[in-house]
Amino acid sequence: MRVHNDPMTRVPAARIEASGLTKHYSGVAAVDDVSFTVEPGSVTGFLGPNGAGKTTTLRMLLGLVRADRGRATIGGVEYRDLPAPLEVVGAALESTGFHPSRTGLDHLLIYTKAAALPASRATAAIEEVGLGEARNRRVGAYSLGMRQRLALATALLGDPAVLILDEPANGLDPAGVVWLRSFLRKYAATGRSVLVSSHVLTEMQQLVDRVVILHRGRVVRQATLTELADSHGDLETAFFELTTNQEIRS
């Protein structure tokens, strides 16, 4: 995994682009005309209250949910058309679904075999996320924070140009949160794109370069932290002002 051993290594850029994404469930718009970009070399926070449409949008980006309208591309290509998706996009939308009887390393080895990746990727990934000493421990004995790290290791297997993570700090202790922040900042510094969904606004304030804020299925603001500071003071203030108003801002 070239990025982790050499933080100055550059990789092919891959921009995330969502254009007019719309998804209805039972006639109700869960996501309504959502458009945004995540530029290479940046960490973008994807924020919104529960039910704002964040998870549905992320799943559309990854081809797990078909949009009613609109298009999502990564490096100009829809996820389903990527010839080697794990080498372009690494995603961790949840820290569940691990077989409790498998070891952490075995879990990763299964993925490398399925994706025709070298087994050395599994070893490198589990070391990079700090689970080296627990590699031969069964996942059923992992804490929530350890499972979060294993989910991140799975996302890293293909050494991707893009990371899409949903609540990656959930279950991490304070030292783990600081580690994750440093890791993602360094990852983006190599020219990669990082999209992170989280409810922890204080952590997002320290991690991200810019934010996309959703409310009731629509984008109500996308801006850099500097731009938010100029208009609202800080991220927390901006978030509550933008998501507690009754009228959706276009």
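The values are calculated or read from the model by the stated rules, or taken from the named source; none is laboratory data. From a predicted model like this one, the values you see are computed outputs, not experimental measurements. A quick note on method: Cβ atoms are made from the backbone with ideal geometry, for glycine too, and the neighbour counts reach across all protein chains shown.
When the residues of region 170-180 are filtered to those that are aliphatic (A, V, I, L, M) and over 22 Å from Leu86 (Cα atoms), which remaining residue is farthest from the chain's Cα centre (by Cα)?
Filtering region 170-180 down to residues aliphatic (A, V, I, L, M) leaves 172, 175, 177-178, 180.
Add one more test, that the residue is over 22 Å from Leu86 (Cα atoms), and what stays is 172, 175, 177-178.
Working: Leu172: 16, Ala175: 20, Val177: 15, Val178: 17 Å.
The selected residue is Ala175.
Matching residues to (1) modelled with pLDDT under 95; (2) within 27 Å of Arg181 (Cα to Cα); (3) in a loop (DSSP other than H, G, I, E, B):
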position	(1), (2), (3)
Ser35	no, yes, no
Asn50	yes, yes, yes
Leu58	no, yes, no
Ala67	no, no, yes
Gly70	no, no, no
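The residues listed here are Ala188, Ala141; of these, the one that is farther than 23 Å from Gly45 by Cβ and out of contact with any Leu (no Cβ under 7 Å at 6 or more places or on another chain) is Ala141.
Going by the conditions given, is Thr44 modelled with pLDDT of 95 or more, under 19 Å from Lys186 (Cα atoms) and part of a strand (DSSP E or B)?
Numbers: modelled with pLDDT of 95 or more: yes; under 19 Å from Lys186 (Cα atoms): yes; part of a strand (DSSP E or B): yes.
Yes.
Here's a check for you: in region 100-156, which residue that is polar (S, T, N, Q) and outside any helix (DSSP H, G or I) is nearest to Arg181 (Cα to Cα)? Working first, answer last.
Filtering region 100-156 down to residues polar (S, T, N, Q) leaves 101, 103, 112, 120, 123, 136, 143, 148, 154.
Next, from what is left, pick out any that are outside any helix (DSSP H, G or I): 101, 103, 136, 143.
Working: Ser101: 30, Thr103: 26, Asn136: 26, Ser143: 20 Å.
The selected residue is Ser143.
For Gly158, the conditions (1) buried (at least 22 other Cβ atoms within 10 Å of the Cβ); (2) closer than 22 Å to Ala84 by Cα all hold with the exception of (1).
If you go through region 85-99 and keep only what is among the polar types (S, T, N, Q) and surrounded by fewer than 17 Cβ atoms within 10 Å (Cβ to Cβ), you end up with just Thr96. Just wondering, is there one or more residues in region 71-84 that are in contact with a strand residue (DSSP E or B) (Cβ under 8 Å, 6 or more places away or on another chain), farther than 14 Å from Ile16 by Cβ and either of a type in the set (Ser, Thr, Tyr) or surrounded by 15 or more Cβ atoms within 10 Å (Cβ to Cβ) (or both)? The answer is no; no qualifying residue exists.
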